[in-house]
Amino acid sequence: MQAQRFMFRPIRLLAAAAMAAIPLLTVDPAAAQSQKQVAEHEITVTITRVKAIDAIDTFSRGDFFARVTIDGAVQSVPPVRQQSEITPNWTISKKVPPGRSTIKLEILDKDLTKDELIDINTLPDKRHQDFTINTRSCLISGFAGSPRCGTAIVRAGRERKSAEVTFTVTVKK
């Protein structure tokens, strides 16, 4: 009996020594808060409707497509051919850090020789829409009334080759 007791003691001592070498996991509240701040938000621009206001092409209807730039990253969608009004539900998303992000929305007409920018802005000599979203508050700036996430925004151009566009902007946190 005495010998067995002696054999188990070194094993217990080794186990205790090994446990002492394993660092305990501690959580620093400041570090946890900073990790939450680094978490990404996802901005989604959904274009639900594009309607030509005047003739987009001389001999045919428009071949609309969208190009959206979110914080400098440009994304496009394939064109919808030969339509003067479309309800495409194009969805373009990008993950961004929390805070303010810039968005540029362009509607274009796909042509054989070059893509033409369609006017969707009431300002003269500016055919696209620029705006900013605060992903924390979901407040969109750059439009009258400062809409919030999920609000349908309708904008139309006034110059030659113009269209009316309807879109929403959402943020997934």
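Only the coordinates and a few stated rules stand behind these numbers; no lab work does. For clarity, every value in this text was computed on a predicted model and none was experimentally measured.
Starting from one equal scatterer on each C-alpha and no solvent at all, send me the Debye-based log10 I(q)/I(0) for the range 39-173 at q = 0.19 Å⁻¹, two decimals.
The calculated log intensity ratios at q = 0.19 Å⁻¹ are -1.03.
Using only the alpha-carbon atoms of the range 122-173, report the extent along each of the three principal axes, biggest first, to the nearest angstrom.
Between the extreme Cα coordinates on each principal axis of the range 122-173 lie 39, 16, 16 Å.
Could you go through the range 159-168 in sequence order and give the Karplus-derived ³J(HN,Hα) for each residue, using 6.51 cos²θ - 1.76 cosθ + 1.60 with θ = phi - 60°, rounded to whole Hz, and x for Gly and Pro?
8, 4, 6, 10, 8, 9, 10, 10, 8, 10
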